[in-house]
Amino acid sequence: MAKDSQFSGGKSHLEMGSLEGRAVLQLEDENLVDSKHNDRRTSSMDATPQISVFDTDTDDVSCKCMWNSILRQMHIVLFSKKLNLLIPCGPLAMLVDTLTDHHGWIFFLSLLGIIPLAERLGWATEQLAFYTGPTVGGLLNATFGNATELIISMYALRRGMIRVVQQSLLGSILSNTLLVLGCAFFAGGIAHSTKDQLFDKGNAVMNSGLLLMAVMGLLFPAVLHFTHTELHFGKSELALSRFSSCVMLVAYGAYLFYQLTSQNSLYMPLAEEEGENDESLEEEEAPEISKWGSIIWLSILTLWIAVLSEYLVNAIEGASVAMSIPVAFISVILLPIVGNAAEHAGAVMFAVKDKLDISLGVAIGSSTQIAMFGIPFCVVVGWIMGRPMDLNFQLFETATLFMSVLVVAFMLQDGTSNYFKGLMLLLCYLIVAASFFVHIDPEAIQDKPKKT
């Protein structure tokens, strides 16, 4: 009951915060109604009604308030962060693509243009989460946080760049589990250096289990391919990948159902009942835009990211040649860092506020969603498109993912974190980045024709 009352209290506060602007409009409407009522009484005496004049005034006031609300939201979304100074890089990338063939500049400008859009997408999701509650809000944050990677993957898959799809999704998992979580542990440990931060060990272990299940789904097709033990060469591997993808999608659906119906949700703070400190922090947070404003801006930002992603994907191969950087490094390291900008900032912010469960919900939850939903979804979409997208990520990539998931699972098993754990995760990510910088896919593997 205390927990429910606390939640309802926080909810009523958020509703009061979101209705603050409406109170002014309501007072104005009441004044207009009173003045209209008085004028109607005098007009009935003079037999000269003035209703049309007041209707026009009401319309003018409502239009003015609507435009003021739109301008205020545009200012909050587009001009409230210094990072938004990078937004013009998107149109510049389009201009360079139209006038020249410098793929290096097109890729670089598109990359810079997507960074603030990914951050704003995460911010708009957080605004919507104020109206949906912590559980649904956490799932929305993980979903739209991965929207950038999924959009880029769809464009690459449509162009037949299957290795780019596989490596970018793999890089997203590595980025979230090692870089984002490492930064969160490190920043939280520095901010609270006198104690170990606590998080829900049960939820962390469950997510580690899901990540290991995803590794198993990727490992068997790779082993089947490299041991040459397929029943039908070139077909069994693809069939197994599609079957495993369907199983992983079912498992992720069951996971979502569990999260939405369980009392012990991943996105609920562990120390929620610890009272006054949490209440004071909640009082400082209130939605900056309305519910429908959040939905509209989510749609606009997603569409704009989709447009820039097409330019980004088209320039990957040319940029690799122009900048002498392997495609594998671009796909595994650069693209996920851009796509995970929102999760990175959010996870670090919550860790500094000692809300480590929310940081885990963002970082590990996002990794779980890519591993159990994003990768299988791309396999199914490739199946529909007639593209031989499979779960054979090749031996080097699969081994990298397996070791990274094991490291993270060991870090999460005791339910505590500190800056040293964060530093170890960051150093592991540096090793992974260096490995992919010197790694090039053999042409025989990269260009090997696959049968559908």
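The values are calculated or read from the model by the stated rules, or taken from the named source; none is laboratory data. Bear in mind the structure is a predicted one, so any value in this text is a computation, not a measurement. Please note: Cβ atoms are built from the backbone with ideal geometry, for glycine as well, and neighbour counts cover all protein chains shown. For the accessible areas, the whole protein counts, side chains as well, though only heavy atoms, and no ligand, DNA or RNA atoms are used. Shrake-Rupley method; radii C 1.70, N 1.55, O 1.52, S 1.80 Å.
Summary table below
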{"quantity": "Sole exception among (1) in a helix (DSSP H, G or I); (2) open to solvent by 70 Å² or more (accessible area, probe 1.4 Å) for Cys246, by number", "calculated": "(2)"}
{"quantity": "Selection status of Tyr255, of a type in the set (Phe, Trp, Tyr), out of contact with any strand residue (DSSP E or B) (no Cβ under 9 Å at 6 or more places or on another chain), surrounded by 12 or more Cβ atoms within 10 Å (Cβ to Cβ) and modelled with pLDDT under 85", "calculated": "no"}
{"quantity": "Residue list for the range 204-243, restricted to those being closer than 17 Å to Ile375 by Cβ, open to solvent by 70 Å² or more (accessible area, probe 1.4 Å) and without any contact (Cβ under 8 Å) to a residue 12 or more places away in the chain", "calculated": "Met216, Phe243"}
{"quantity": "Top-ranked residue in the range 144-166 [being among the basic types (Lys, Arg) and in a helix (DSSP H, G or I); ranked as surrounded by the fewest Cβ atoms within 10 Å (Cβ to Cβ)]", "calculated": "Arg158"}
{"quantity": "In the range 406-429, the residues that are farther than 17 Å from Ser359 by Cα and open to solvent by less than 20 Å² (accessible area, probe 1.4 Å)", "calculated": "Tyr429"}
{"quantity": "The listed residue being in a helix (DSSP H, G or I) and either open to solvent by less than 40 Å² (accessible area, probe 1.4 Å) or in contact with a strand residue (DSSP E or B) (Cβ under 9 Å, 6 or more places away or on another chain) (or both), out of Ser299, Ser309", "calculated": "Ser309"}
{"quantity": "Hey, Lys421 modelled with pLDDT under 90 and charged (D, E, K, R) or not", "calculated": "no"}
{"quantity": "Residue count for the range 167-194, restricted to those that are open to solvent by 10 Å² or more (accessible area, probe 1.4 Å), in a helix (DSSP H, G or I) and β-branched (Val, Ile, Thr)", "calculated": "1"}
{"quantity": "Residue under evaluation Asn141, criteria (1) at pLDDT 80 or above; (2) surrounded by 16 or more Cβ atoms within 10 Å (Cβ to Cβ), criterion not met", "calculated": "(1)"}
{"quantity": "Selection from the range 380-403 of residues that are part of a helix (DSSP H, G or I), over 23 Å from Ala254 (Cβ atoms) and open to solvent by less than 10 Å² (accessible area, probe 1.4 Å)", "calculated": "Gly382, Glu397, Thr398"}
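Matching residues to (1) modelled with pLDDT of 80 or more; (2) under 21 Å from the mean Cα position of the chain (by Cα); (3) open to solvent by 60 Å² or more (accessible area, probe 1.4 Å); (4) within 21 Å of Leu140 (Cα to Cα):
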| site | (1), (2), (3), (4) |
| --- | --- |
| Phe54 | no, no, no, no |
| Trp67 | no, no, yes, no |
| His75 | no, no, yes, no |
| Lys82 | no, yes, yes, no |
| Ile87 | yes, yes, no, no |
| Gly90 | yes, yes, no, no |
| Ser110 | yes, yes, no, no |
| Gly113 | yes, yes, no, no |
| Leu128 | yes, yes, no, yes |
